[in-house]
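See below for the structure under consideration.
Readers should treat all values here as calculations from the given coordinates under stated rules, not as data from a laboratory. This one's a predicted model, so the numbers in the text were calculated from it and none came from an experiment. Please note: Cβ atoms are built from the backbone with ideal geometry, for glycine as well, and neighbour counts cover all protein chains shown.
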């Protein structure tokens with residue numbers, strides 16, 4: 001019998017069966033998150049299913065992140081309904097301003113290596129960076145697992161992505177994710193797991209791995225899992241064993257990426273896989289620069305953007321710079337180390353930690369004809385709340401470079417022209 | 001495949017139709033009611049679609065239908081418009097999952113020769129195009145998905161069994 005991938009091993013442990021790619025298994029769920037986009041419907045399903053009690057309330061958490069703060073009467077009513085349900089059943093609520101549910105799942109220690117961690121949101125794949133099997137589910141799934149603690153899952157086949165080398169200066173994890181999207185397009189990994197491996201993994205910090213796991217869903221993947229190592233243990237503050245794939249595990253495809261030669265990438269409107277090297281798009285005017293989201297809203301992202309902005313002398317006239325930290329903890333760190341003050345002095349609009357403008361549910365909505373460059377994961381038409389705006393996706397440094405010049409620019413050029421600000 | 005037999009008019013879309021194109025996130029702010037949201041169905045790709053859809057119509061798409069967000073309203077709004085099945089070359093996994101869980105039949109088959117308003121008959125794994133006379137074969141479902149679909153979705157399934165049977 002052949003060896004197993006990380007995903008097959010975790011789903012075997014959680015189902016009690018010898019789970020192989022293609023099998024459908026029923027698994028015990030270790031932790032699950034619902035946000036204010038998905039949970040109100042889950043509560044409707046819960047009632048319709050005849051649910052009375054939540055089986056393991058401590059394994060469930062609700063995040064108020066999509067409408068933070070609530071921009072309308074209807075959305076504030078959704079929040080009230082979630083809070084009432086949570087209080088009645090002993091479920092923790094991450095309140096408005098605490099941050100994006102995905103970031104909080106990772107920060108809070110609710111996700112550990114080898115666990116099955118789910119979220120009623122497609123970007124729940126993010127937690128795979130911590131060596132968990134993590135995937136997005138629907139509202140009805142969340143309702144059913146609140147009732148019975150379990151979920152049905154098809155065991156995915158796995159694509160192996162082997163990383164070699166180390167990112168050069170001015171090139172960031174987002175560029176790896178975009179290069180991968182270019183290769184796999186929107187459906188190259190549909191129904192499959194992506195397992196990251198190879199010697200290049202060791203050079204990536206936990207925050208870097210979160211960017212890659214976060215974006216696998218844009219290629220259709222069910223989950224994007226990393227092995228556990230010392231960096232995983234250090235991030236969690238506890239030694240962890242982790243789950244490794246077997247030498248003879250079966251992969252449907254192996255992709256090798258040499259980070260040494262990677263250049264800054266950019267996704268053009270309106271598809272994530274419409275990726276080109278940033279030099280190809282240089283000179284395109286931008287009017288809004290968005291720094292934030294569950295892809296690019298962490299401390300290292302803001303540091304990278306701040307460095308480019310300072311080197312370039314600040315924000316160009318006519319550009320709106322929007323800063324939305326992924327969590328309060330991120331905001332606190334940026335406040336303590338002076339980064340937030342730098343952004344404020346540059347005229348940035350500072351938005352409450354949460355999903356912000358990313359999916360047009362609240363925050364700053366771009367105007368008609370506006371080009372946005374964003375650290376987010378999706379650039380679909382209408383995504384940020386206005387279908388007459390165009391969204392480009394790039395690394396925090398590349399977004400900052402566009403803010404400096406008012407046009408899409410290679411961030412490595414900004415550093416070369418350093419001048420005192 | 002289920003024993004379900006459906007027939008209806010094909011309403012044809014292309015590849016990579018994401019859930020924001022099916023129903024935009026901003027519309028969800030005001031209501032989650034499929035009967036309200038159906039008036040905005042597919043507005044980003046075809047502003048006239050919502051007014052022209054008829055109960056019993058069948059969505060026909062290319063590859064990767066329902067990619068993007070996992071939001072389940074992208075399934076319930078389709079059901080709310082009276083559509084009982086989506087035929088596509090492939091689906092995003094979250095859309096496929098949400099469809100099964102809500103009793104919307106996701107039919108994976110070769111859709112490249114189906115034209116707008118063709119009359120289709122779905123009978124088990126056979127998809128007959130009465131307009132062109134062609135027939136294509138769809139893939140089947142694993143046991144648990146079939147049980148959920150035959151129950152009419154996860155709500156009646158959990159009401160009946162209280163847990164998953166496997």
Expressed in nanometres to one decimal, the distance between label points 7 Å along Cα→Cβ at residue A:247 and residue A:260 is 2.6 nm
Cα pairs beyond 26 Å in the range B:5-161, in percent, come to 20 percent
Expressed in angstrom and ordered largest first, the alpha-carbon extents of the range A:290-359 along the principal axes are 27, 27, 17
With Cα coordinates, the longest principal axis of chain A makes an angle with the long axis of helix A:396-405, in degrees rounded to 10, of 20 degrees
Descending packing, highest mean Cβ count within 10 Å first, for A:170-180, B:92-102, A:51-61, B:151-161 is B:92-102, A:170-180, B:151-161, A:51-61
Under the helix-only model (-39500 (n - 2.57) for each DSSP H run of 4 or more, divided by the residues of the protein assembly as shown), the mean residue ellipticity at 222 nm, to 500 deg cm²/dmol, is -8500 deg cm²/dmol
Restricting to Cα pairs under 8 Å and 6 or more apart, the percent relative contact order of the range A:265-416 works out to 37 percent
Dividing the mean separation of Cα pairs under 8 Å (6+ apart) by the residue count of the range A:1-109 yields a relative contact order in percent of 25 percent
The range A:6-258 -> Rg/Rh from Cα coords, Kirkwood Rh, value 0.98
Taking the alpha-carbon centre of each part, the distance from the range A:42-84 to the range A:360-421 in Å is 33 Å
Long-range alpha-carbon pairs in the range A:265-416, meaning those over 27 Å apart, account in percent for 11 percent
Per the rule of 0.36 nm per residue minus the C-alpha distance, extending residue A:24 to residue A:205 adds in nm 61.8 nm
Mean per-residue count of partner chain Cβ within 10 Å for A:188-196 equals 2
With Cα coordinates, the longest principal axis of chain A makes an angle with the long axis of helix A:206-215, in degrees rounded to 10, of 80 degrees
Once both label points are put 7 Å beyond Cα along the C-beta direction, the residue B:159-residue A:234 separation in nm becomes 5.4 nm
Where a ≥ b ≥ c are root eigenvalues of the Cα gyration tensor, a/c under 1.5 meaning rounded, otherwise prolate if a/b exceeds b/c and oblate otherwise, the range A:233-340 counts as oblate
Note on chain A: contact order normalised by length, alpha-carbon pairs under 8 Å, 6 or more apart, percent, works out to 18 percent
Kirkwood calc, the protein assembly as shown, C-alpha pairs only, radius in angstrom 24.0 Å
At the level of C-alpha centres, the distance separating the range A:118-182 and the range B:85-121, in angstrom, is 25 Å
A chain fully extended from residue B:35 to residue B:15 at 0.36 nm per residue, minus the present Cα-Cα distance, gains in nm 4.6 nm
GNM of chain A, Cα pairs under 10 angstrom: of A:251, A:127, A:392, the biggest fluctuation goes to A:251
Rounded to the nearest 10 degrees, the helix A:39-48 long axis (Cα) sits at an angle to the longest Cα principal axis of chain A of 20 degrees
